[in-house]
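The values are calculated or read from the model by the stated rules, or taken from the named source; none is laboratory data. Values in this document were obtained by computation on a predicted structure and should not be read as measured data. Quick reminder, even Gly has a Cβ in these numbers, built from the backbone with ideal geometry, and neighbours come from all protein chains shown.
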Amino acid sequence: HEGTPFSEIRKAIQEGIAEGVERTELLKTLAELEQAKDGRAASDRYQSFIAAAANHMTILAPYLPMLGHWVHSLVVSAI
């Protein structure tokens, strides 16, 4: 996961979103995405993360290009 800011995203969620169900769900889907080992899992988990993050794009938008590139790299390497 070199070059992918999972720890920075996690910190942005913890600092920018109040404790509660949404924050817990975002952290859960981020952890699942981080654990993805192949393109299919990464793609599915990325979609789940984006769906969970929809209400918090102002906080997470800076990280999405790098995260999307990471998912794309896993998908391409699986082909």
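A few notes on this one:
- Where a residue in the stretch 4-23 is in contact (Cβ under 8 Å) with a residue 40 or more places away in the chain and its partner, wherever it lies, is small (Gly, Ala, Ser), with Cβ under 9 Å and at least six apart: 5/12; 13/53
- Candidate set: the stretch 1-52, residues that are crowded, with 17+ Cβ neighbours inside 10 Å and not in a helix (DSSP H, G or I); chosen: the one modelled with the highest pLDDT: 17
- Residues that are more than 11 Å from the chain's Cα centre (by Cα) and either surrounded by 15 or more Cβ atoms within 10 Å (Cβ to Cβ) or within 21 Å of residue 17 (Cα to Cα) (or both) within the stretch 62-74 comprise 62, 74, listed in sequence order.
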